[in-house]
Amino acid sequence: MDILTVIGVIIGFAAIIGGNFLEGGHLSALVNGPAALIVLGGTIGAAVLQTPKDVLLRSVKLFVWMIKPPTDDFDELHNKIVDWARVARKNGLLGLEKVAMTEAASYSKKGLQLLVDGNEPEQIRTVMELELYARERRNIEAAKVYEAMGGYAPTIGIIGAVMGLIHVMGNLADPSMLGGGIAVAFVATIYGVGIANLFFIPTANKLQAYARHESHVREMLIEGLMAIADGDNPRNISEKLQGFYRDAD
């Protein structure tokens, strides 16, 4: 689980609720079912309207990353590539066939199989990079669905506030209802701005960061496969790959 996601949500909403309490407000003043329905329903509706079906479905699947981030790890992949290089140096590229059969990651498995099949290095690079860029593009597009929702939510919140004020204006004959009615009307604005800046926009940014991280790890894999195809020494390959994730002193 990504503990930073949990911590971020807790800190953000605790700050809002705690600040309201310190100012003498009550939690009940921030709870309004109709306002929540207007903001969430309107925001989701706008996002569904603007988003193609495949992108929308991918955005739902991608949200899992907020709880369980991609498991791609530079150190683990680095060690794997160096081991593959040792096998190839000892038994030739065909020696990687058994390794490819047992490799769990589909992208790594594909690269190894391309090596075993005797494809030219540049052809391997082309095939692997095309898949890398296509996947990154799809993931970024899916993450931007949440970014769009972060843009719609404040505006929908204003719509909710105006609707509430319209209701208040209908009760001008009863001044006792004005104060409470206006307060409730502006809860929709709080919901819109709050959920946009405390949830939707941060979610979009984090998912895009994870998508780029995944691509960076896969770029390292491609370079490692190219080095193996060129017959580089495992030690040289190791030093080369360390440049992808270790800062210079």
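Can you run down the residue pairs with Cβ atoms below 7 Å, 6 or more apart or on separate chains, where the first is in the stretch 228-247 and closer than 22 Å to residue 100 by Cβ and the partner is surrounded by fewer than 17 Cβ atoms within 10 Å (Cβ to Cβ) and among the basic types (Lys, Arg)? Final answer for the pair search is 234/86; 234/89. A count restricted to the stretch 193-249 and to residues that are in a loop (DSSP other than H, G, I, E, B) and among the β-branched types (Val, Ile, Thr) stands at 0. When the test is whether a residue is more than 14 Å from residue 226 (Cα to Cα), surrounded by 15 or more Cβ atoms within 10 Å (Cβ to Cβ) and at pLDDT 90 or above, residue 124 does not pass it. Entry remark, the stretch 68-104: residues being assigned to a helix (DSSP H, G or I) and closer than 25 Å to residue 9 by Cβ number 0 in total.
When residues of the stretch 197-216 are filtered for being of a type in the set (D, E, K, R) and closer than 16 Å to residue 7 by Cα, how many remain? Number satisfying all stated conditions: 1.
Matching residues to (1) surrounded by 11 or more Cβ atoms within 10 Å (Cβ to Cβ); (2) farther than 27 Å from residue 244 by Cα; (3) in contact (Cβ under 8 Å) with a residue 24 or more places away in the chain:
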site	(1), (2), (3)
6	yes, yes, no
13	yes, yes, yes
22	no, yes, no
25	yes, yes, no
29	yes, yes, yes
74	yes, no, yes
103	yes, no, no
115	yes, no, yes
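Applying the condition of being touching a residue at least 60 places away in the same chain (Cβ under 8 Å) and assigned to a loop (DSSP other than H, G, I, E, B) to the stretch 32-67 and asking which residue is surrounded by the most Cβ atoms within 10 Å (Cβ to Cβ) yields 32.
The values are calculated or read from the model by the stated rules, or taken from the named source; none is laboratory data. Because the structure is predicted, anything quoted here is derived from the model rather than measured. Heads up, the Cβs are rebuilt from the backbone with ideal geometry, glycines too, and the neighbour counts pull from every protein chain shown.
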